[in-house]
Amino acid sequence: MLFDHCAQCQRCCNIDPGYPSLEVTLTARERKVHGTICIETRCELLGDKGCTLGSAKPLSCEIYPLSYNPGTRQFLFDQDCPLMPEYQRQLTQPRSEAVAHLTRITKAVRQHEKTDPAFLRSNFAVDSDYFDLQPLATVSIPKEGTP
């Protein structure tokens, strides 16, 4: 399974020594539930098998290892994530986990473009500052109403 590797790697939930803490970007709804989530060295919500929040995981964490640029409506990825070569390979397979993930995230992004665009802008600003982002294999979200 593609994302099984994440529970072992956990790179995205840990901050290397010498790097600043990472304030997890939260949607308006998530801020009401969680307040704030800040990763100083290791995410406090990280368990042995991954995130302890399960389906309540913040959208910014769910999006990772991708990042969404609301200005260009394109997805990028964190070059440091060891999952990305396999993720991009799977994007060519219609029933793969990567396609399912991207489809789910695309749906969430479209919803937030309407309901919480400030989250998308803020999340991309944090991602751009923190991660080494590279374009995702020419995948972008078409404008609504476009085939």
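The values are calculated or read from the model by the stated rules, or taken from the named source; none is laboratory data. Just so we're clear, the structure is a prediction, and the values are computed from it rather than from any experiment. Here Cβ is always computed from backbone atoms with ideal geometry, including for glycine, and neighbour counts include all displayed protein chains.
Residues that are among the small types (Gly, Ala, Ser), exposed (fewer than 12 other Cβ atoms within 10 Å of the Cβ), over 24 Å from residue 10 (Cβ atoms) and at pLDDT below 90: does region 118-140 have at least one?
no
State whether one or more residues within region 79-96 are among the hydrophobic types (A, V, I, L, M, F, W, C), under 14 Å from the mean Cα position of the chain (by Cα), at pLDDT 95 or above and assigned to a helix (DSSP H, G or I).
No, there is no match, as no residue in region 79-96 is among the hydrophobic types (A, V, I, L, M, F, W, C), under 14 Å from the mean Cα position of the chain (by Cα), at pLDDT 95 or above and assigned to a helix (DSSP H, G or I).
Taking region 19-46 as the search range and keeping residues that are among the small types (Gly, Ala, Ser) and out of contact with any helix residue (DSSP H, G or I) (no Cβ under 9 Å at 6 or more places or on another chain), which one is modelled with the highest pLDDT?
Across region 19-46, the extreme among qualifying residues is 35.
What single numbered condition from (1) over 24 Å from residue 88 (Cβ atoms); (2) assigned to a loop (DSSP other than H, G, I, E, B); (3) of a type in the set (A, V, I, L, M, F, W, C) fails to hold for residue 33?
Failing condition for residue 33: (2).
So for region 16-29 (the condition being without any contact (Cβ under 8 Å) to a residue 40 or more places away in the chain, assigned to a loop (DSSP other than H, G, I, E, B), touching a Cys at 6+ places or on another chain (Cβ under 6 Å) and surrounded by 12 or more Cβ atoms within 10 Å (Cβ to Cβ)), does at least one residue qualify?
No, the conditions are met nowhere in region 16-29.
Name the pairs: first residue in region 101-126 and farther than 18 Å from residue 78 by Cα, second residue acidic (Asp, Glu) and surrounded by fewer than 13 Cβ atoms within 10 Å (Cβ to Cβ), Cβ to Cβ under 8 Å, at least 6 apart or on different chains?
Filtered contacts from region 101-126: 110/144.
In this structure, does residue 99 turn out to be β-branched (Val, Ile, Thr), under 13 Å from the mean Cα position of the chain (by Cα) and in a helix (DSSP H, G or I)?
Criteria not met by residue 99.
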